[in-house]
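I have placed the structure first, in the form of structure tokens, so that the comments after it can refer back to it.
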Amino acid sequence: MASRQFVGKVYVVDSENLSTGIAHMIIRAIDMAKEGKRRNEIVNILEEMKYKVSTSFIADNADYLYRTGRVSKTIKNICTLFRIHPILSVKNGKMTVKGIRIGNLEKCILSYVKSELRRADKIAKQRLFISYSTCPVRIIGKIKEQINASCPFEEIWETRASATITSNC
């Protein structure tokens, strides 16, 4: 609606991402505007960038996946019984189960982070977001240590996911 009301002044880019992925793209757009890039160039870069932004997360359990109809009650119960932590990813606007980790949540989180950063040579290291709904400060510190040990970034932003985002994901 804004792009129709302000023709030539507002451009819409479907990020095909979750909130943190959207934020990443917005911040990059602001950076490019400050660098003096033109609107069309920014839009074109964002259209390419949306396919490169990696947004994924590990869930403590499958309870909300069950409540939102993404997995069956049987799958939820199996996850609970075997301490299975689903890993979800957003690509091309769709959320899918990317994998699982089994066992102690803290160890699973650190294993997941290490796995996500395994191809450090392919990752743009300007900015990384650590987004969480509830996570002890101690574990956030260990996550940062893991990141800095395997793939240091110029900036690491911590964001707390709202209840709406958390229940949706």
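What follows draws every value from the coordinates through simple rules; no lab data is involved. If you're wondering where the values come from, they're calculated on a predicted model, not measured in any experiment. Here Cβ is always computed from backbone atoms with ideal geometry, including for glycine, and neighbour counts include all displayed protein chains.
Tabulated values for the structure
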| read-out | value |
| --- | --- |
| GNM flexibility winner over the chain from Pro86, Pro152, Pro136 (Cα, springs under 10 Å) | Pro136 |
| Helix 39-49 vs. the chain, principal-axis angle (Cα, 0 to 90°, nearest 10) | 20 degrees |
| 0 to 90° range, to nearest 10: angle between helix 137-150 axis and the chain longest Cα axis | 70 degrees |
| ³J(HN,Hα), Karplus 6.51/-1.76/1.60, whole Hz, each residue of the range 52-62, x for Gly, Pro | 9, 5, 9, 10, 8, 7, 10, 9, 4, 7, 9 |
| Note, ³J(HN,Hα) from phi for the range 76-82, Karplus 6.51, -1.76, 1.60, rounded to Hz, x at Gly and Pro | 4, 5, 5, 4, 5, 4, 9 |
| Among (i) -0.47; (ii) -0.36; (iii) -0.40, the entry derived from the coordinates for log10 I(q)/I(0) by the Debye sum over Cα atoms at q = 0.09 Å⁻¹ | (ii) |
| Nonlocal amide H pairs with Thr159, under 5 Å, H built at 1.01 Å | Ile130, Ser131, Tyr132 |
| Structure-based [θ]222 nm, the chain - -39500 (n - 2.57) summed over DSSP H runs of at least 4, per residue, nearest 500 | -13000 deg cm²/dmol |
| Lysines with Cα under 18 Å of Lys91, excluding same-chain neighbours fewer than 8 positions away | Lys50, Lys52, Lys122 |
| Using alpha-carbon coordinates, inclination of helix 19-34 to the longest axis of the chain, degrees | 30 degrees |
| In order through the range 107-124: 3J(HN,Hα) via Karplus (6.51 cos²θ - 1.76 cosθ + 1.60), integer Hz, x for Gly, Pro | 5, 5, 4, 5, 5, 4, 4, 4, 5, 5, 9, 5, 9, 3, 5, 9, 9, 6 |
| For peptides 55-61, 154-160, sequence by mean Cβ density within 10 Å, most packed first | 55-61, 154-160 |
| The range 1-155, dipole about Cα centre (Lys/Arg Cβ +1, Asp/Glu Cβ -1), debye to the nearest 20 | 280 debye |
| Amide H within-cut-off set for Arg101, under 5 Å, with H built and near neighbours excluded | His85, Ile87 |
